[in-house]
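Step one of this worksheet: look at the structure below.
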Amino acid sequence: MKHTIQQVFRSGKFVLGFSIFSAILLIVIFYPMFVKDSPLAILGQGTFFPPGIYVNVYDSMSSTAYTLNLPDAAAKRVANKLSEEDRLSIKEWLVAAGIPESEIDTTDTAKLLGQWSANFDPKKSIPGMTNARRNYFIRLNTSLKGLLSTEGATISQTNPETNELEQVDTVNQKDYVNVGEVANTRILLLGTDNFGRDILTELVAATRVSLQIGFVAGLIATLIGLTLGLLAGYIGGLIDDIIMFVTNLFTVIPTFVLLILISFSIGQEQRGAFTIAVVIGLTSWVWTARAVRSQVISLRNRDHVNLSKLSGHSIVHIILNDILPYIASYVIMALILQISSGILAEAGLSILGLGPRTTEVPTLGLMMNWAMIYQAHILGNWWAYLPVLVTIALITFSMNLMNTGLDQVFNPALRD
Amino acid sequence: MAHTMLEVRELSTKYVTRFREDVYAVDRVSLKVEEGRSLGIAGESGCGKSTLALSLMGYYFPPLHYMNGEIVINGKNISGMKPDDVRKSILGKEIAYIPQAAMNALNPTRKIINFIEDVILEHEMYVTKKDIYDRAKKLFETLGLPAEVLQKYPVELSGGMKQRTVIAVSVLLLPKVLIADEPSSALDVTSQKMVIKMLKQLMEAGFISSMIFITHELPLLYNVVDDIMVMYAGQIVEKAPSHSAVFDPLHPYSKGLMGSIIVPEKGLRDVKLTAIPGVPPNLKNPPMGCRFAERCKFVRPECRVSSVSLREASDGRVYRCIIPEAELREAYAREEHKNDK
Amino acid sequence: MLDGQMYPFLADGDFEWNADRTEITFKIKSAAKWNDGTPVTAEDVAYTWATHVKYNTPTGSANTPYIENIEAVDAQTVVIKAKLGEDGKAVNPLLVEAYLSTNYVIQKAWTEVLEERVAGDPTALLADPAEDVAYSGAYGKYFADDTKVVYIRNEEYWGQDASMWGKLPAPKYLAHVIFKDNAAGTTALQAGEVDVSQQFNSNVQDFWLEQGLPISTYLPEAPYGIGASLPTAFFNLNSPGLDQAAVRKAIAIAVDYPTIIANAMTNQSATFDQVPRSLMNPTDGEQALYDHDAVADLQWAGNDIEGAKALLDEAGVVDSDGDGWREYNGEKLSYVATCPNGWSDWQAAIEVVAAAGKEIGIEITTNYPEWSVYQTVVTKSDAPLPEEGYDIFMMWSDGAGPTQPWGRIRKLLSSEFIGMPSNWNGNWGQYSNPDADALINAIPAETDEAKLKEMYTELVNIYLTEVPSFTLMYRPQSFHTVNESVWTNFPHADDGTNPPVPPLDLTDGWSIAGLYNLTLVNP
Amino acid sequence: MTSEKKIYLSAKGITKTFGFGRQKTVAVDNVDLDLYEGEVVSIVGESGSGKTTLSKVLLGLINQTSGDVYFQGVKRDISTQAKKQEYWKNIQAIFQDPFSSYNIFNKIDSVLLDCINMRGGRYLPREKKIEMMTEACSFVNLKFEELTNKYPFELSGGQMQRLMIARIFLLKPKILLADEPTSMIDACSRATILDELMHLRKETGMTVIFITHDIGLAYYVSDSVYIMEKGRFVESGSADGVILTPHHPYTRRLINDVPKIYEEWDLSTV
């Protein structure tokens, strides 16, 4: 046994798969200890906030201001608000407004803005210009206000007694706050989803649920497959015929279609994560049963089984001692595959909207489902679906790696 | 003096297990096969017979590794050649190899004639399919194989027929030396006999000039080859003409081996089978002295000290034992006497 | 149109009521022609009605309680006689007016051809595909299959008449493409394969802000369109606990509407801070119909967890067994909130409703049945809703129209829809309040503005107090997002048109005007 | 009566078929066999002749399709697990492949302990059991101390097969069915195993059925020989009679095709 484990860990594939899987498992276990938010808590008002560090604006205003004389601050500010494209657009407008092209210098910001403020008229309609373009110029115009100002901004507050605005503070252009001193900052490593939930926290929770679904589904499928396979293979005869008839029925019906039908027919009220796991487990035992059966049939005729019979051992003893250990490695590999296909099946079902009901738990499939419904893939909000995809891929990849690793160890034909 | 077809000098090879352990399976083996002669290699499983067969071809790929020594086939020294060159210019043309499971190497989706075409086209460019067919037919007829076999798929043939077909195909390019490693051991007795007959025919008809035949079935070996070489633990322990090797073995290991022959012939029931206790040494760390010392009835303290080299006996055979020929024969006589009592 | 006003199109000038409000008279424009060149006549209008009545079509059966008859006085003049009640007044003058703007005129000559074809069989008549129908609009059918319908411009269209636009609308063909789902529609819009998108595109502003596409909406900023319907969550008034107004209101005030609007609608709705909740659309016309100050105390903008808890505590709905959930009559308050599966903005809104329940100790889980199942359950008003599974459920409410807001209020509050085997009108939660019924009955006959305002204010009062249902967001009648890669000058706010052509489907009635201004981007 | 040898095991009209319909194959076809006390009988046949199937029927590992097996003159009844266990106290086997005869997950000790348990020694003290196991091992020239706590794969094929003989030593059955016990073993170990087997037979006087394809081996070990071809016995009789003067063409061919060393091996007859 110990020897086998040593051998298993000598397989590079297994070790790589095992490392990835353990890393995922560790994150799933330890992350919630540090981040105690409910994974389904809606943090953001608005959809798909991009990943990044969010600093509370109100708190930054009242934080200690440090004056940093950074030489390129003004230039960066201008560049941020007025891109090269914007300058060319301004030029386009100015030309349309009748300014000779020779007088426009897009590199001279001050002059350009001067010409712009002198000539821009939001009411003016230029033939052939789209409404979208018109809206763009209006927005650009708004954003350019005060761009070249060297003054700071004034912060005022309403005095509750007089109901008048009173100047509280001034924010200078060279003021900086230290993020560490701002009372409220939040790191959203993977941004938020369409509900305004923190994707990272949700993803970790979803991974846990999906793994649980995978484990339950895999265990159920493997147990059913193992039991039926053992019975059919060892006892044979009529029992074998009956079991194989049922198994063949299940083989002919595509499992995923069956899964969809069952999932659909149990209705969403009953569709908890556990139910889905059970349903997946109940529909995916077929190949395990067939494989175990054929293994058992070949084992049944091995002499050590005959010898065990001659030694007067009962069927149960023979199955447990002389058959099971031989197929144990195979069953473990089947279990690993079943787990990973269980996770995929859940994802597939959820993407079709047949997964577990949403308010209770997040799952990887449900996250994909919502990202798709809210068109994250079309709008380029990669953080809503890519990490989920990567997680699914990593889990199945690591499990398949472990499986091939085990296969190399257990299957003499693949040894090098 | 006859032309030497294959000469091996001090060849040592090893193979590497997947736990990166070296197994020294062939240890300083020298042999010589002359034109028209056949050499048999006998020994227990694990004594290095099959590894030697593979090593003789000069075609090394993992886990088999060449260590040192020389192989000269028909005057060509191939020990330094790259595996790819060996495959292209030596295999099939100079030396052919038939493993035990050769018959299972046939592609089940192709007819025998297609297989033959592949083999020939690999080496010759300007031949028509008609030529190939005619050649194959002629070969098959010479070897007593029905020509219809050419148009059949492997599954349509019996195991014995498949094996004979493979052997026929392997001599298509008229190799000088044929190495047959247990070519008949997976077959029933009748097929086995046919394979043996065919091998003899190959020699007689000149398809091959010499043959190396490997088997653990001594009666078979005795009937096929001119000389028998007994291997033990990667080394040659005795080499003698067939008859003396079987009926008058000199080395204690050969003696034991020959004493275990069972044939359904009168007198067998009166023979006391000899048994060699123990198991062959592990070739990962071969023992210092005589490798057979552990199992030898006549072991002496000095056997375990230094390695034993081959020596020549009075009749010209070679054997690997520190005990002189006369003493050995004396000891054997005593044993026999004891048994009779 | 979306402002609640009726604008004459086929009619020559506004309609007129007689002094008793029992008859409506209007004239048909003399320029109006069918596509076969014959004029549209008063006789066509009258025969259309006669046919509806004769074959008892849905339109006929819905309107016969209110309309006595429609007659052609001469070739141009039509008189609609309202059905009179026992008091000698029109039963419902508002619905008589509504008939004008909500029904198509069908050519008499064609109708007779059709009647002959179906040999008087009403079922066959309604089922006829009307391939050869005569039409008076600018476009006729050109091609149709499962994926798209293409219309071709009628080059003889009477809109070229000097009294109308004097020219034809700009596009020669109109294609209505049917997409597999919203995502496919969005992709097509992005790619410029679609000029006008009338579906919900989440985060529509990303198209121009993030992706720089030539895409725009009717309004340049949020909510991007004119809200004209009130997607509403109905309470199943038979569910234990939901028969209590306090429980209903507590749930309603706890819901985080800003999040619904920001997340579910991606800000394509006015907020309840901007337009306080009532029974009215966020349009100026409807908003002016009730006294804002009188109900200000009852209105809520959501997120009022403490208020909701206080309300429940006060009503004695408390957590007595300490499991974190409140009980009513010893039974844990546990509800299922539903809407049809795949209706993404509604689903997201329902999720937020469910989240609110948790905050105030009421367990709300979500469930999304398929539409086919959902609609069968919800529209069957002759039986109570299932207590399990449909405790809080979403449906629509009436959009804009000449009978609004009365029609909408009726459908939200009137008990007349209880007991119908197939109720596609409203009040699916089966709310019944005689005061509300009386007000709803009285409004159509009322003409005094001040009186009307008083009555509407009272209805809003009832609605905000009793909370039989609650609005979750404002939603446009249809979304209107245009890609200006090919055409520009689509209707947009302040485009200077009069009447302002609102973003409907650009083909129906006055909306056709929206196609006249189109110009090619690169002519 | 006393002078006559006792029939220990006899088979009457044993037929075994596999499959049905078109796939039906007859593995053993109406075979009769009489086994006398203390003799060594060989059943010789090539692969596919049905000899292994016959041996499994005799062992009671599979049920015959028709025919009966009589044990000590009484019709065998192995309908229940208990009856089977009782039967198996009398008849035991050694199988062809030592590598597949062991459960590789169990230590070697368990094989021998099973035998002690089967002979009713389950509650013997540990020392007694070890003593018995040591005795059994030393009978086949193995050292129990070296084997205890080892797994089967740590042994050579020859050692494994000898341990199988040790097992029979412990069980002391009346009949031993040896199914090609040496065909997977090297020639030199083969002699050892045959020696030990014959030694055990001499000690216990048990009856031995030897199943083999090696006609030379059959000749070497047995008193009488049955030649089996395609599920039937084609020739039987004393070893000397059958092997040295074969009558049936099949037997003749079989003997003819085996390589000889003392006489000329006639290659022309194929």
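Quick check on my filter: what residues within the stretch B:306-338 are open to solvent by 90 Å² or more (accessible area, probe 1.4 Å) and either of a type in the set (A, V, I, L, M, F, W, C) or over 20 Å from residue B:240 (Cβ atoms) (or both)?
Correct list: B:334, B:337, B:338.
In the stretch D:92-102, how many residues are under 16 Å from the mean Cα position of the chain (by Cα), facing another protein chain (nearest Cβ under 8 Å) and open to solvent by less than 10 Å² (accessible area, probe 1.4 Å)?
4
Going through the stretch C:193-211 one residue at a time, which ones are in contact with a Leu (Cβ under 8 Å, 6 or more places away or on another chain), touching a residue at least 40 places away in the same chain (Cβ under 8 Å) and open to solvent by 20 Å² or more (accessible area, probe 1.4 Å)?
C:196 - this is the single residue of the stretch C:193-211 that is in contact with a Leu (Cβ under 8 Å, 6 or more places away or on another chain), touching a residue at least 40 places away in the same chain (Cβ under 8 Å) and open to solvent by 20 Å² or more (accessible area, probe 1.4 Å).
Residues in the stretch D:179-186: is at least one within 11 Å of chain B (Cβ to nearest Cβ) and open to solvent by less than 10 Å² (accessible area, probe 1.4 Å)?
There is at least one residue in the stretch D:179-186 that is within 11 Å of chain B (Cβ to nearest Cβ) and open to solvent by less than 10 Å² (accessible area, probe 1.4 Å).
Looking only at residues that are open to solvent by less than 10 Å² (accessible area, probe 1.4 Å), of a type outside the set (A, V, I, L, M, F, W, C) and in a strand (DSSP E or B) in the stretch D:206-228, which one is nearest to the other protein chains (Cβ to nearest Cβ)?
Selected residue: D:212.
I need every pair where a residue in the stretch D:129-150 that is β-branched (Val, Ile, Thr) has its Cβ under 6 Å from the Cβ of a residue that is assigned to a helix (DSSP H, G or I), sequence separation at least 6 or different chains.
D:134/D:144; D:140/D:162; D:140/D:165; D:140/D:166; D:140/D:196; D:148/D:109
Would you confirm whether any residue within the stretch A:285-303 is in a loop (DSSP other than H, G, I, E, B), assigned by TED's automatic domain parsing to the domain that holds residue A:272 and open to solvent by less than 40 Å² (accessible area, probe 1.4 Å)?
Scanning the stretch A:285-303, I find at least one residue that is in a loop (DSSP other than H, G, I, E, B), assigned by TED's automatic domain parsing to the domain that holds residue A:272 and open to solvent by less than 40 Å² (accessible area, probe 1.4 Å), so the answer is yes.
Within the stretch B:284-324, how many residues turn out to be assigned to a helix (DSSP H, G or I) and over 23 Å from residue B:273 (Cα atoms)?
4
Can you pull out the residues in the stretch B:162-194 that are part of a helix (DSSP H, G or I), among the hydrophobic types (A, V, I, L, M, F, W, C) and open to solvent by less than 40 Å² (accessible area, probe 1.4 Å)?
B:166, B:167, B:168, B:169, B:189
Yes/no per residue for (1) under 23 Å from residue D:114 (Cα atoms); (2) of a type in the set (Phe, Trp, Tyr):
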residue	(1), (2)
D:143	yes, no
D:160	yes, no
D:163	yes, no
D:168	yes, no
D:193	yes, no
D:204	yes, no
D:233	no, yes
D:244	no, no
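Which residues, counting only those in the stretch C:508-523, are farther than 17 Å from residue C:481 by Cβ and either more than 14 Å from chain A (Cβ to nearest Cβ) or at pLDDT 70 or above (or both)?
The answer is C:508, C:509, C:510, C:512, C:513, C:516, C:517, C:519, C:520.
Okay, residues lined up against (1) without any contact (Cβ under 8 Å) to a residue 40 or more places away in the chain; (2) of a type in the set (Phe, Trp, Tyr); (3) surrounded by 13 or more Cβ atoms within 10 Å (Cβ to Cβ):
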position	(1), (2), (3)
B:102	no, no, yes
B:106	no, no, yes
B:124	yes, no, no
B:128	yes, no, no
B:138	yes, no, no
B:144	no, no, yes
B:155	no, no, no
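Restricting attention to the stretch A:35-69, which residues are modelled with pLDDT of 90 or more, over 25 Å from residue C:223 (Cβ atoms) and under 29 Å from the mean Cα position of the chain (by Cα)?
A:51, A:52, A:53, A:55, A:56
Which of the residues belonging to the stretch D:191-205 are within 11 Å of chain B (Cβ to nearest Cβ) and touching a residue at least 12 places away in the same chain (Cβ under 8 Å)?
Within the stretch D:191-205, D:192, D:193, D:194, D:196, D:198 qualify.
Return the only residue of B:191, B:185, B:210 being small (Gly, Ala, Ser), under 15 Å from the mean Cα position of the chain (by Cα) and closer than 26 Å to residue D:217 by Cβ.
B:185
Cβ contacts < 7 Å: first residue outside any strand (DSSP E or B), restricted to the stretch B:46-71; second residue open to solvent by 20 Å² or more (accessible area, probe 1.4 Å) and among the charged types (D, E, K, R), any location; separation 6+ or different chain. Result?
B:59/B:87
Residues checked against (1) open to solvent by 70 Å² or more (accessible area, probe 1.4 Å); (2) in contact (Cβ under 8 Å) with a residue 60 or more places away in the chain:
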position	(1), (2)
D:36	yes, yes
D:46	no, yes
D:60	no, no
D:73	no, yes
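Collect the residues in the stretch B:255-284 that are within 7 Å of chain D (Cβ to nearest Cβ), of a type in the set (D, E, K, R) and within 24 Å of the chain's Cα centre (by Cα), keeping them in residue-number order.
none
Just give me the residues in the stretch D:239-263 being facing chain B (nearest Cβ under 8 Å), assigned to a loop (DSSP other than H, G, I, E, B) and more than 14 Å from residue D:217 (Cβ to Cβ), in sequence order.
Those that are facing chain B (nearest Cβ under 8 Å), assigned to a loop (DSSP other than H, G, I, E, B) and more than 14 Å from residue D:217 (Cβ to Cβ): D:260, D:261, D:262, D:263.
Taking the stretch C:75-102, which residues are assigned to a loop (DSSP other than H, G, I, E, B) and exposed (fewer than 15 other Cβ atoms within 10 Å of the Cβ)?
Within the stretch C:75-102, C:75, C:85, C:86, C:87, C:88 qualify.
Considering only the stretch C:362-380, state which residues are crowded, with 21+ Cβ neighbours inside 10 Å and more than 9 Å from every other protein chain (Cβ to nearest Cβ).
C:362, C:374, C:378
Being within 20 Å of the chain's Cα centre (by Cα), at pLDDT 80 or above and more than 27 Å from residue B:216 (Cα to Cα) narrows it down to one of B:93, B:111, B:49, so name that one.
The conditions single out B:93.
Quick check on the stretch C:116-147: of everything there that is among the small types (Gly, Ala, Ser) and over 27 Å from the mean Cα position of the chain (by Cα), which residue is modelled with the lowest pLDDT?
Among residues in the stretch C:116-147 that are among the small types (Gly, Ala, Ser) and over 27 Å from the mean Cα position of the chain (by Cα), the one modelled with the lowest pLDDT is C:120.
Whether any residue in the stretch C:481-488 is of a type in the set (A, V, I, L, M) and not in a loop (DSSP other than H, G, I, E, B) is what I want to check.
Looking through the stretch C:481-488, at least one residue is of a type in the set (A, V, I, L, M) and not in a loop (DSSP other than H, G, I, E, B).
Specify which of the listed residues (B:45, B:55, B:50, B:30) is assigned by TED's automatic domain parsing to the domain that holds residue B:85, buried (at least 23 other Cβ atoms within 10 Å of the Cβ) and out of contact with any helix residue (DSSP H, G or I) (no Cβ under 7 Å at 6 or more places or on another chain).
Within the list B:45, B:55, B:50, B:30, the selection yields B:55.
Which of the residues spanning the stretch A:183-208 are open to solvent by 20 Å² or more (accessible area, probe 1.4 Å) and either touching a Gly at 6+ places or on another chain (Cβ under 6 Å) or of a type in the set (A, V, I, L, M, F, W, C) (or both)?
Of everything in the stretch A:183-208, those that are open to solvent by 20 Å² or more (accessible area, probe 1.4 Å) and either touching a Gly at 6+ places or on another chain (Cβ under 6 Å) or of a type in the set (A, V, I, L, M, F, W, C) (or both) turn out to be A:183, A:187, A:189, A:190, A:200.
The values are calculated or read from the model by the stated rules, or taken from the named source; none is laboratory data. In this text, all values refer to a predicted model and were calculated from it rather than measured experimentally. For neighbour counting, all protein chains shown are included, and Cβ atoms are generated from backbone atoms with ideal geometry for every residue, glycine included. When the accessible area is computed, the model is the full protein with side chains, heavy atoms only, and any ligands, DNA or RNA have been set aside. Shrake-Rupley method; radii C 1.70, N 1.55, O 1.52, S 1.80 Å.
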